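> One structure follows; several queries about it will come next.
Each reported figure results from applying straightforward, stated rules to the coordinates on display, with no laboratory input. Note that this is a predicted model, so its numbers are computed, not measured. Cβ coordinates were reconstructed from backbone atoms using ideal geometry, including for glycine residues, and neighbour counts include every protein chain displayed.
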Amino acid sequence: MRVLGIETSCDETAVAIVEERQGGRRCLAHALSSQIEEHRPYGGVVPEIAARSHLDRLDQLVERAMSDAGVDYDSLDGIAATAGPGLIGGVIVGVMTAKALSSVHRKPFIAVNHLEGHALTARFTDDVAYPYLLLLVSGGHCQLLEVKGVGHYQRLGTTLDDAAGECFDKAAKMLGLGFPGGPAVERAAQSGQADRFKLPRPLKGREGCDFSFSGMKTAVRHTIEALPAGSLQKHDASDLAASLQAAVVAHIVDRCSNGFEMLENTPTAFVAAGGVAANIALRTALDQVAGEYGVPFVVPPVELCTDNAVMIAWAGLERLNLGLTDPLDFKPKPRWPLDAASA
Ligand code: KG4
Ligand code: ZN
């Protein structure tokens, strides 16, 4: 089974080809082009710029992935693309390209939910068996899910306001640390003192595993405003970055522990995915939580935690294995929860 996957839902344009043979799985090619430089002047992703940029780059990336893999279209079993959720202009570019390839080469089209891509990555990298507990932490999402099988997800908790990555991105902007904020906060935190500023621990002691990050973001703003006017120094920014990182990690740990208590089935593993899962302090803390509950902690390599096309090709392959394909009139979805029941 060999599938080409396309990712265009945010600010990475990416194409990958993955293959599964006699139980072994490999990535034959992954061509990825980040738009970070185009969005940097605006301090965030501009949807219109993103869509145009995907349109400019995607054809060449498809060609590059095909030539890097050294395969021809005849040898593909399916064409997958992120069909939502995400910035709809970009999603349309990816979906239309995948539909065109599918139509011309007479291959099945598979509409992949971007979140399902993140959710199933650990099966590609570590062959994790169902069911497992998944923490999905990115710039647009923060959720805990029980992954029971392809298409079978139960959402245990989600953010009531901002996503974790969004909180890092907005705080980094206030601290003058640049874009994207998560890696900048992590870097600044290395030389900061986490105990200098006390940031709130939202929902502490409360049942359930919903998340909330907007209070921390507001507390960062109030802390900056309380400094003498215009006096935010580099060490203040580092201390505040360290305090924020500690607060975010403590909050996520608290919520994940509750998540373990809410599971219906004994999980085979605790899996983290999404861009924020690249954060080392968070990884270390989550590893400890998994240990307390006696399951392995699995986190894909950083380049497969952030947005990529390998996860889309892989989710497409898993769906195709089950005979799950989509018609060419499938409509891209700006919103598309993984667990319809809790939407
Ligand atoms: O999964 P992703 O690439 O895109 C979305 O689907 O959102 O995640 C991007 C998010 C951004 O908010 C970025 O600031 C955050 O992940 N991020 C990090 C780190 N690397 C990326 N947050 C904390 N620490 C990091 N090292
Ligand atoms: Zn993502």
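> With a cap of 12 neighbouring Cβ atoms within 10 Å, and only residues DSSP puts in a loop, list the trypsin sites (Lys or Arg not before Pro) found in the stretch 14-106.
Of the trypsin sites (Lys or Arg not before Pro), the ones in loops of the stretch 14-106 whose Cβ has at most 12 other Cβ atoms within 10 Å are R106.
> Here's a follow-up. Let me check against my output: what whole-number percent is the relative contact order of the stretch 130-303, with C-alpha pairs under 8 Å and at least 6 apart?
Across the stretch 130-303, relative contact order equals 27 percent.
> Give, in whole angstrom and from largest to smallest, the semi-axes √(5λ) of the equivalent ellipsoid of the chain, with λ running over the eigenvalues of the Cα gyration tensor.
35, 24, 16
> Compute the distance in nm between two label points, each set 7 Å from the Cα along the Cα-to-Cβ direction, one at S34 and one at A129.
That separation, rounded to one decimal, is 3.7 nm.
> Please report the antiparallel percentage of DSSP beta bridges with both residues in the stretch 130-303, rounded to the nearest 5.
Antiparallel: roughly 65 percent of the beta bridges in the stretch 130-303.
> Okay, next question. Nearest 0.05, what FRET efficiency do Q60 and V302 give at R0 = 22 Å with Cβ-Cβ as r?
Using R0 = 22 Å, I get an efficiency of 0.35.
> Can you give the angle from 0 to 90° between the axis of helix 164-174 and the longest principal axis of the chain, with both taken from C-alpha atoms, to the nearest 10?
50
> Let me ask something else about it. Is there a pair in K148/K333; K170/K333; K170/K204; K173/K234; K217/K333; K170/K217 whose C-alpha atoms are over 19 Å apart, and which pairs would that be?
K148/K333; K170/K333; K170/K204; K217/K333
> OK, next. Just flag the GluC sites (Glu not before Pro) in the stretch 202-282 sitting in loop per DSSP whose Cβ has no more than 13 other Cβ atoms within 10 Å.
E207, E264
> Please compute P(r) over all alpha-carbon pairs of the stretch 130-303, binned at 5 Å starting from zero, and give each bin as a whole-number percent.
All Cα pairs considered, the percentages come to 1, 9, 18, 22, 19, 13, 8, 5, 2, 1, 0.
> What does the convex hull of the Cα atoms come to per residue for the stretch 115-170, in Å³?
76
> Something else about it: What shape does the stretch 134-221 have by the C-alpha gyration tensor, where a ≥ b ≥ c are the square roots of the eigenvalues, rounded means a/c under 1.5, and otherwise prolate means a/b greater than b/c and oblate the rest?
prolate
> Residues with amide H under 5 Å of T268's amide H, sequence separation 5 or more or different chain, H placed in the peptide plane at 1.01 Å from N; which?
Here the answer is Y132, L133, since their amide H atoms fall under 5 Å of that of T268.
> By how many nm would the segment from D195 to E292 grow when fully extended, if each residue of separation counts as 0.36 nm and the alpha-carbon distance is taken off?
Fully extending the segment from D195 to E292 adds 32.4 nm.
> For N265 and D72 in one chain, what is 0.36 nm times their gap in residues minus the Cα-Cα distance, to one decimal in nm?
My answer for the length gained is 65.2 nm.
> Between the stretch 84-118 and the stretch 17-81, how far is it from one alpha carbon centroid to the other, in angstrom?
With the stretch 84-118 and the stretch 17-81 each reduced to a Cα centre, they are spaced 11 Å.
> Where in the stretch 153-204 are there trypsin sites (Lys or Arg not before Pro) that are in a DSSP coil and have at most 14 other Cβ atoms within 10 angstrom of their Cβ?
Here the sparse-neighbourhood loop sites are R196, K198, K204.
> Among V310, V104, V45, which comes first, second and so on when ranked by fewest other beta-carbon atoms within 10 Å?
Listing V310, V104, V45 from fewest to most nearby Cβ atoms yields V104, V45, V310.
> How far is helix 88-105 tilted, in degrees, relative to the longest principal axis of the Cα atoms in the chain, given as a value from 0 to 90 rounded to the nearest 10?
On a 0 to 90 degree scale, this one is about 20.
> Another question, then. Taking a ≥ b ≥ c as the square roots of the Cα gyration tensor eigenvalues, with a/c under 1.5 meaning rounded and otherwise prolate when a/b beats b/c, else oblate, which class fits the stretch 294-343?
The shape class here is prolate.
> Continuing with the same structure: Angle between the Cα long axis of helix 114-126 and the longest principal axis of the chain, 0 to 90 degrees, nearest 10?
Between the helix axis and the principal axis of the chain, the angle is about 80 degrees.
> Return the percentage of antiparallel bridges among DSSP beta bridges fully within the chain, rounded to the nearest 5 %.
65
> Follow-up. Could you tell me the center-to-center distance, by alpha carbons, between the stretch 301-320 and the stretch 123-152 in angstrom?
The two parts, judged by their Cα centres, are 12 Å apart.
> Using only alpha carbon pairs under 8 Å that are at least six residues apart, calculate the relative contact order of the stretch 114-221 and give it in whole percent.
Relative CO of the stretch 114-221 lands at 22 percent.
> Sticking with this structure for a sec: Using per-residue counts of other Cβ atoms within 10 Å, averaged over each peptide, order 247-255, 318-326, 121-129, 7-15 from highest down.
Per-residue Cβ counts within 10 Å, averaged per peptide and sorted highest first, yield 7-15, 247-255, 121-129, 318-326.
> If you don't mind, another one. Below 8 Å between Cα atoms, with a sequence gap of 6+, how large is the relative contact order for the chain in percent?
Across the chain, relative contact order equals 24 percent.
> Restricting to DSSP H runs of at least four residues, report the calculated mean residue ellipticity at 222 nm for the chain, -39500 (n - 2.57) per run over all residues, nearest 500 deg cm²/dmol.
Result for the chain, helices only: -14000 deg cm²/dmol.
> May I ask for the percentage of alpha-carbon pairs in the stretch 46-105 that lie more than 19 Å from each other?
Taking all Cα-Cα pairs of the stretch 46-105, the fraction more than 19 Å apart is 32 percent.
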